[in-house]
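Asker: Have a look at this one before I ask anything.
All of the numbers you see were taken from the coordinates with simple rules; none came from a lab. As the structure is a computational prediction, the values presented were derived from the model and not from experiment. Neighbour counts run over all protein chains shown; Cβ positions are idealised from the backbone, glycine included.
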Amino acid sequence: MQLNVGMLLAAAEEHAGGPGHRVPDLLGMPEAEFIERLRAGDEAAYTKMYTTFQPRLVAIATAYVDRSIAEDLTQDVLGYVWEHREEWSIERGVGVYLYATVRNRALKYLRHDRVIARLEHVLDVAEAPPGMGGANENADARLEREDVRAAVDAALARISDGARTAFLLRWMHELSYAEIA
């Protein structure tokens with residue numbers, strides 16, 4: 001059975017008398033009426049929702065990200081609601097929607113941040129600027145490197161298996177002599 005985050009949040013909030021349960025009290029009107037007023041472009045309804053939920057949403061987001069980022073994410077979510085109010089679809093209630101959306105945006109931000117950190121690490125190791133390919137190796141250097149590689153391979157083919165293994169462990173895998181022994 002697949003878990004639905006919205007259903008879990010709604011059930012938990014209703015059981016605990018949480019935000020989803022108290023929305024009519026928070027907004028000063030039944031939730032259905034609030035949604036209709038918001039969809040009709042009622043700025044007073046939006047302002048009431050913003051002032052009611054903004055500090056709570058920031059508090060939820062700060063469980064995942066820094067406060068300044070939490071404020072930005074919250075602003076984005078509340079701005080999205082206003083911009084898309086006419087087609088805004090709410091299945092579990094205003095509070096549940098807002099809390100789940102802010103939480104999901106914070107988690108998405110963290111995932112994106114990890115991707116950026118990994119990319120920066122790879123670029124640091126490669127010592128290449130982002131979005132820039134490495135310089136093409138000059139043809140003479142490439143041919144010289146290939147000649148050296150061919151000579152090393154030929155020499156390795158002539159020595160015993162034990163000596164070849166020791167050489168590869170030391171020079172290719174950078175193990176110490178004690179580790180090889």
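Asker: So between THR165 and ARG118, what do we pick up on full extension, going 0.36 nm a residue minus the alpha carbon distance?
Answerer: 13.6 nm
Asker: Placing +1 at every Lys and Arg Cβ and -1 at every Asp and Glu Cβ, with all other atoms neutral, what dipole size does segment 32-181 have around its Cα centre, in debye to the nearest 20?
Answerer: 560
Asker: So, one more: How would you order 142-153, 87-98 from highest to lowest mean count of nearby Cβ atoms within 10 Å?
Answerer: Those peptides, ordered most packed to least, come out 87-98, 142-153.
Asker: Under 14 Å from the Cβ of ASP113, count the other residues' Cβ atoms, weight Lys and Arg +1, Asp and Glu -1, and hand me the total.
Answerer: Around ASP113, the surrounding residues sum to +2.
Asker: Sum up the charges of everything whose Cβ sits under 13 Å from the Cβ of GLU36, counting Lys and Arg as +1 and Asp and Glu as -1, but leave GLU36 out.
Answerer: Summing Lys and Arg as +1 and Asp and Glu as -1 gives -1.
Asker: Set the Förster distance to 25 Å, then compute FRET efficiency between ALA63 and LYS108 from the Cβ-Cβ distance, nearest 0.05.
Answerer: 0.95
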